[in-house]
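Q: Below is one structure. I have some questions about it.
The values are calculated or read from the model by the stated rules, or taken from the named source; none is laboratory data. These numbers were taken from a predicted model, which means no experiment stands behind them. A quick note on method: Cβ atoms are made from the backbone with ideal geometry, for glycine too, and the neighbour counts reach across all protein chains shown.
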Amino acid sequence: MNRSTFLKQLTAVGVASLGVASLGALPAFAQDNYPSKPIRFIVPYPPGGPTDLMARLLQTELQTRLGQTVVIDNRAGAGGNVGSNEVAKIAPADGYTLLLAASGPMAVNTNLFRSMPFNPLTDLAPVIQISSFPLVLEVNPALGVKSVKDLVAMAKSKKPELSFASAGNGTPQHLAGEIFNTQMGVKMAHIPYRGAGPALNDLLGGQVNVMFDILGSSLPHIQGGKLVPLAVTSTKRSPSLPNVPTMAEAGVPGYEFTGWHGIAVRAGTPPAIIEKLNSTLNAIFKTPEFRKKWEALGTPVVGGSAEQFGGLIRTETVRLGKVVRESGVTVD
């Protein structure tokens, strides 16, 4: 091989190596510049419910801190599975599609649905826990019920036949009602809706009698006399409703139920992007003004690491799976 040919080959190898190196650097460059385009924020329930309200509170703060537009995309259906599957299986693993991860699709539905389009433990990556809230057992004033004891007596008499609304199969509102049925030996019929907003509207309109709902979305209606609160599902009374007893105080010993939400992305999203999202959200939750707005929804500020949220999902999958099996509820 003459010197000229050797130099040409060496140059070609060098250029090819430079190209490979440059391609390898692209993902890291993209991570360093994240986000460089709008972010889609999927809520797996309709507008108007508590899950949607949380996303919309975070939307403005995320836009300010990340410097990009955040678009809320409500994808309701199948107890939260439709929207969650959009992130788990369809959207790229690049951090540009976030999921408002509710306890139903994240920890309940694998035990509730005979077939699932995704596995929340392997197809989604946790980012941060954002809520931990009790529910309030409430009735329409026209029912004439003033206490849990009254409600149980009416349910047992079946005059009238009682039904309870929920945000959908497997949601906290659903499980809270099933636990109540089991512990009190009653059979209020479950009426699932495509989100808490529509369920609450029908409770206010009298189409259903009873609902376990997140306090934040029901509080204005309670304060306005449009709903009657009977008990909260936490072990302590809510500061927002200090005169409303806990379920244990109201005659349901050992009853405790807490729902939760978080943020997740598709599994395989670069750790640096997950860390940036986590640190940004933790910073938002440390802002006193935002904390006040958040707590008005009926949940304390949570935050923490992605690993902590992942641990919660795993333990809750076991705990809530037991609740589902004991209730005997299945969907399809």
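Q: Can you go through N109, N119, N74 and tell me which one is without any contact (Cβ under 8 Å) to a residue 60 or more places away in the chain, out of contact with any strand residue (DSSP E or B) (no Cβ under 9 Å at 6 or more places or on another chain) and closer than 24 Å to G268 by Cα?
A: N119
Q: In the stretch 30-81, which residue that is part of a helix (DSSP H, G or I), over 22 Å from E289 (Cα atoms) and over 17 Å from the mean Cα position of the chain (by Cα) is modelled with the lowest pLDDT?
A: A30
Q: Another one. Counting only residues that are farther than 25 Å from G79 by Cα and charged (D, E, K, R), give me the helices (runs of 4 or more DSSP H) lying completely in the stretch 268-332 with at least 2 of them.
A: Passing ranges, in order: 271-285, 288-295.
Q: Of all residues being over 16 Å from the mean Cα position of the chain (by Cα) and of a type in the set (K, R) in the stretch 289-332, which is farthest from L135 (Cα to Cα)? Just the residue, please.
A: R325
Q: Can V139 be described as more than 27 Å from the chain's Cα centre (by Cα) and touching a residue at least 24 places away in the same chain (Cβ under 8 Å)?
A: Criteria not met by V139.
Q: How do the pairs read when you match residues in the stretch 280-303 that are within 21 Å of V136 (Cα to Cα) with residues anywhere that are assigned to a helix (DSSP H, G or I) and basic (K, R), using Cβ under 7 Å and keeping only pairs 6 or more apart or on different chains?
A: These pairs meet every condition: V301/R291.
Q: More than 20 Å from G79 (Cβ to Cβ) and surrounded by fewer than 19 Cβ atoms within 10 Å (Cβ to Cβ): does that describe E256?
A: Yes: the conditions hold for E256.
Q: What number of residues within the stretch 277-300 satisfy the criterion of being more than 25 Å from S218 (Cβ to Cβ) and not aliphatic (A, V, I, L, M)?
A: Within the stretch 277-300, residues that are more than 25 Å from S218 (Cβ to Cβ) and not aliphatic (A, V, I, L, M) number 7.
Q: Shifting gears a bit: Any idea which of (1) outside the structural domain of H190 (by TED's automatic domain parsing); (2) surrounded by fewer than 18 Cβ atoms within 10 Å (Cβ to Cβ); (3) under 26 Å from N181 (Cβ atoms) is the one K226 doesn't satisfy?
A: Looking at each condition in turn, K226 falls short on (1).
Q: Just to be sure before I move on: is G311 farther than 19 Å from V136 by Cα, surrounded by fewer than 17 Cβ atoms within 10 Å (Cβ to Cβ) and modelled with pLDDT of 95 or more in the structure I sent?
A: Spelling it out, G311 is indeed farther than 19 Å from V136 by Cα, surrounded by fewer than 17 Cβ atoms within 10 Å (Cβ to Cβ) and modelled with pLDDT of 95 or more.
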